[in-house]
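All remarks here apply to the structure that follows.
The values are calculated or read from the model by the stated rules, or taken from the named source; none is laboratory data. All values derive from a computational prediction rather than experimental measurement. Here the Cβ is made from the backbone with ideal geometry for all residues, glycine too, and neighbour counts use every protein chain on show. With ligands, DNA and RNA removed, areas are computed over all heavy atoms of the protein, side chains included. Shrake-Rupley method; radii C 1.70, N 1.55, O 1.52, S 1.80 Å.
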Amino acid sequence: MSTPAWDKAAPWVVGGISVACVIAAWEIAGVAELPVTTVLPPPSQFMAMVIESDFRIGLGSQSATLLESLSSTFGRVFAGMLLAFVAAIITGAAISLSRFTTWCVSPFLYLLAPIAPIAWIPTAIVVFGINNATAIFIVFMGVYFILTIGTLAEIRRVPAEYGIVAGNLGASRWQQWLFVVMPAILPGVFTLLRTNFIAAWMAVLVAEMVGLRDGLGAIIMMGRNLFNNELIMFGMLVIGVSGFVVDRSLALIGNRILWWRV
């Protein structure tokens, strides 16, 4: 019979073993010099290259450390997600509290939502230039509409009885929204934000690939321009590990902060 401790550890143990098996097979393929390893060099090769360069990526004065690349990408993606989260909550509040706002905003919301964030890149470059603001804007556009539509759906799920009871106790419409609706929808909106982190992550990487000189996306483009498959694989590894760590961190934050959710 399994124990609670094993039930918690089992996914990590089994997952770790499966990853280790894949890496071992990858390394064996590299030792055997199979053709596929010329395109997909094993970790021992691309990690050795990065260690030899003292974890600096780039050429000459334009090189940056791995920590600088990570901080640049994280700063952009979190700034865009935070702006999108706040804007989605404000938009949801405005639409739910005013019919006129609903009539004015809803057409634009549902017309612009299907546009992929990548399609906004040329416009963002013209408006902001090639800098951090462009990447943050792309992340914002990739998350805002989904979060707003999700926020409206969460608001519609709040039982009407909650508002009736709050109104009977003397709460105004704004007080009902702040102290009744907001706590009710935050867990769902935060979960939606977490699930859309992957979309934000891809958006910022694409934005970094189109001209920015730092960040994880720039590492991939540099490897491509130099025909350096080892650098490309290293960039992909860092992107995957970083995304996994952030996703787990968001899950932990949600469990700690949004303690009242069921």
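Please give the calculated 222 nm ellipticity per residue for the chain, where each DSSP H segment of at least 4 residues contributes -39500 (n - 2.57) and the sum is spread over every residue; nearest 500 deg cm²/dmol?
Helix contribution divided over all residues of the chain: -25500 deg cm²/dmol.
What is the extension gain from Ala119 to Val241, computed as 0.36 nm multiplied by their sequence separation minus the C-alpha to C-alpha distance, in nm to one decimal?
Going from the current span to full extension adds 41.2 nm.
Can you give the charge dipole size of the chain about its Cα centre, rounded to the nearest 20 debye, using +1 on the beta carbon of Lys and Arg and -1 on the beta carbon of Asp and Glu?
Details: 13 positive and 12 negative charges, 206 e Å.
Here the chain has a charge dipole of around 980 debye.
In a solvent-free Debye calculation with one equal scatterer on each Cα, what is log10 I(q)/I(0) for the chain at q = 0.14 Å⁻¹, listed in the order of the q values?
-1.06
Taking R0 as 30 Å, what's the FRET efficiency between Ile257 and Ala133 from their Cβ-Cβ distance, rounded to 0.05?
The calculated FRET efficiency here is 0.55.
Equivalent ellipsoid semi-axes for region 138-262, as square roots of 5 times the alpha carbon gyration tensor eigenvalues: give them largest first, rounded to whole Å.
Ellipsoid half-lengths, sorted descending, are 42, 15, 9 Å.
Carbon and sulfur atoms: what percent of the 1.4 Å accessible area of the chain do they account for?
The computed percentage sits at 72.
Work out, step by step, the length gained on full extension between Val36 and Ser172: first 0.36 nm times the residue separation, then minus their alpha carbon distance; give nm to one decimal.
42.4 nm
Find the accessible area per residue for region 138-262; the probe is 1.4 Å, ligands and nucleic acids are left out, and the unit is Å².
Per residue, region 138-262 has 52 Å² of solvent-accessible surface.
Show log10 I(q)/I(0) for region 67-219 at q = 0.21 Å⁻¹, two decimals, from a solvent-free Debye sum over equal Cα scatterers.
-1.21
Averaging over all projection directions, find the projected area of the Cα convex hull of region 3-121 and quote it in nm² with one decimal place.
14.7
Ranked from highest to lowest mean number of other Cβ atoms within 10 Å per residue, what is the order of the peptides 13-21, 187-195? Walk me through the intermediate numbers first.
Details: 13-21: 10.0, 187-195: 18.1.
Descending packing order for the listed peptides: 187-195, 13-21.
Can you list the DSSP H helices in the chain whose Cα atoms extend at least 30 Å along the helix axis and whose mean Kyte-Doolittle hydropathy is 0.0 or higher?
4-31, 66-97, 132-157, 229-257
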